[in-house]
Amino acid sequence: MGGLHFGNLAKVRHIITYSLSPFEQKAFPHYFSKGIPNMWRRFSAQVLKVAPPFLLMYVTYSWGTQEHANNKRKIPSLFENDK
C-alpha cells in the first residue's frame, strides 16, 4: 500500500468534499421551533390516508376473533338429553 493511511488510499480529482467538526455541529438545531410543527403538519396531512385502513382492519380482526370464539363454544341445547 505504499505507507498510505486508510483515509488517503486514492487520489480523486475534480471532487470537492467539505466536512465540519463534530464539536462544531449542533445536535438538534431548531428542534422545538421547526421540528415539532413540521412533524405535526406531516402527521395531519397523512392521518386521513393511513387511519381508515388501520381502523377497518382492527374492526375486522376484532370481529373475526369474537366470531371465532363464539363458534368454538358448545351450544347447551344440543346436549340436554345426554347423560
Which condition number does residue 67 fail, the rest of (1) part of a loop (DSSP other than H, G, I, E, B); (2) of a type in the set (Asp, Glu); (3) surrounded by 10 or more Cβ atoms within 10 Å (Cβ to Cβ) being met? (1)
Being at negative phi, assigned to a loop (DSSP other than H, G, I, E, B), out of contact with any Leu (no Cβ under 6 Å at 6 or more places or on another chain) and surrounded by fewer than 10 Cβ atoms within 10 Å (Cβ to Cβ): is that true of residue 78 here? no
When you check residue 26 against the structure, is it at negative phi and surrounded by 10 or more Cβ atoms within 10 Å (Cβ to Cβ), yes or no? no
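Values quoted throughout were computed directly from the atomic coordinates according to the rules given, and no laboratory measurement underlies them. Treat the numbers as computed from the prediction; the structure is a model and nothing was measured. Cβ atoms come from the backbone with ideal geometry, glycine included; neighbour counts cover every protein chain shown.
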